[in-house]
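Taking it in order: structure first as structure tokens, then the write-up.
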Amino acid sequence: MKKLEELHISVIGAGIIGGALAEALSAYCKVTATRRQIERINGLGEKGVNLTTDNTKAASDADIIILAVKPSQVVPVLRNIAEVIQGKMVISFAAAISLDIMQKAAPECRLVRAMTNIAVKVLKGYTLFSPAEIIDADELELLESILLKFGEIQRVQEQYLDVLTAMSGSGPAYIFTVVESMVYGALREGLPRKLALEAAAHTAIGAACLLLETGKHPAELKDMVLTPGGVTIDGIYELEESRIRTAFMKAIGAASARSRVLAETAREQAWGEING
Ligand SMILES: NC(=O)c1ccc[n+]([C@@H]2O[C@H](COP(=O)([O-])OP(=O)(O)OC[C@H]3O[C@@H](n4cnc5c(N)ncnc54)[C@H](OP(=O)(O)O)[C@@H]3O)[C@@H](O)[C@H]2O)c1
């Protein structure tokens, strides 16, 4: 089994996520990136990434293939490159398209389904992944060494990936909304914009690190900030009156429902393409 440094990895679909993955990997190994409108790839050439519109050649030249196209493109792309990816590991970052569908489109390859989020752009992604059963221990080790280049990782059962797409894949948008709201609050109180934004973002980072490093429940940590008769409890009272927790529960519920509908639609479309 080759080490990461000896690999050639091709990223098919160098858009927002694929471009970030290709850039991250270019520091460690040979990388090729593809998209149809190749003139829209920014900055990757300067990082030493080979650029091409030819998915088949990119897949043929590579040891490992990363798929970062939109879900509707996964089956057509896989079918197009199926012959040249036999026996190779293919890691799909597309939402909704399950391992069984991909296996049907490209039966001879060694598949992994992954979900990450936009924080991969700063190597702080959270990548959840489900390997097909065929992936052996050596491949798993190599896979993890690749995914760790994008941030933190967690192996999960595939059945959880649609909800995780709605919670963690979409998650940065929720956190940005929270940070934006805090900034607006501070602007109303006259804080300079840059200071407000930095204070809100660092507060979010600090709170997240505290949660992860202590392993304590959010309610327990929140209680440490709530001095009786103090400042924070007045803020929390307003948030509770706005039913903030219900709002977030409804948001995750709505996004999960949408994620499941998209997965079902993608599934029907993919089976149609495979069988027709
Ligand atoms: N954005 C996120 O925050 C996020 C988070 C988690 C997961 N994802 C998943 O990541 C995947 C990519 O999302 P994205 O936001 O990065 O979308 P995106 O920016 O639209 O990237 C998709 C790229 O695929 C390229 N492409 C489409 N068809 C292709 C083909 N046949 N051959 C080669 N390249 C092709 C597109 O470029 P051309 O049109 O020029 O070919 C585009 O650059 C999606 O499946 C999504 O579910 C995204």
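The values are calculated or read from the model by the stated rules, or taken from the named source; none is laboratory data. Remember, it's a predicted structure, so these values are computed and weren't measured experimentally. Positions of Cβ are generated from backbone atoms using ideal geometry, with glycine treated the same way; all protein chains shown enter the neighbour counts.
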Could you check the range 95-131 and list, in sequence order, the residues that are assigned to a loop (DSSP other than H, G, I, E, B) and surrounded by fewer than 18 Cβ atoms within 10 Å (Cβ to Cβ)? PRO107, GLU108, LEU123, LYS124
Counted residues in the range 59-86 being more than 9 Å from the ligand (Cβ to nearest atom) and in contact with a strand residue (DSSP E or B) (Cβ under 8 Å, 6 or more places away or on another chain) come to 10
From the option list THR214, THR177, THR227, THR232, single residue qualifying as under 30 Å from VAL261 (Cβ atoms) and outside the structural domain of ALA119 (by TED's automatic domain parsing) is THR177
Restricting attention to the range 1-16, which residues are surrounded by fewer than 24 Cβ atoms within 10 Å (Cβ to Cβ) and within 14 Å of the ligand (Cβ to nearest atom)? GLY15, ILE16
Take ALA208 and tell me if it is in a helix (DSSP H, G or I) and surrounded by 13 or more Cβ atoms within 10 Å (Cβ to Cβ). no
Among (1) surrounded by fewer than 17 Cβ atoms within 10 Å (Cβ to Cβ); (2) among the hydrophobic types (A, V, I, L, M, F, W, C); (3) within 29 Å of GLY171 (Cβ to Cβ) - the single one ILE66 does not satisfy: (1)
Being closer than 15 Å to SER10 by Cβ, touching a residue at least 40 places away in the same chain (Cβ under 8 Å) and among the aliphatic types (A, V, I, L, M), is that true of even one residue in the range 98-110? no
Filter the range 126-151 for residues that are within 16 Å of the ligand (Cβ to nearest atom) and without any contact (Cβ under 8 Å) to a residue 60 or more places away in the chain; which is farthest from the chain's Cα centre (by Cα)? SER130
With the requirement that a residue be under 20 Å from the mean Cα position of the chain (by Cα) and in a helix (DSSP H, G or I), what does the range 3-61 give you? ILE16, ILE17, GLY18, GLY19, ALA20, LEU21, ALA22, GLU23, ALA24, LEU25
Is it true that some residue in the range 33-46 is more than 7 Å from the ligand (Cβ to nearest atom), within 18 Å of VAL74 (Cα to Cα) and either among the β-branched types (Val, Ile, Thr) or not assigned by TED's automatic domain parsing to the domain that holds VAL122 (or both)? no
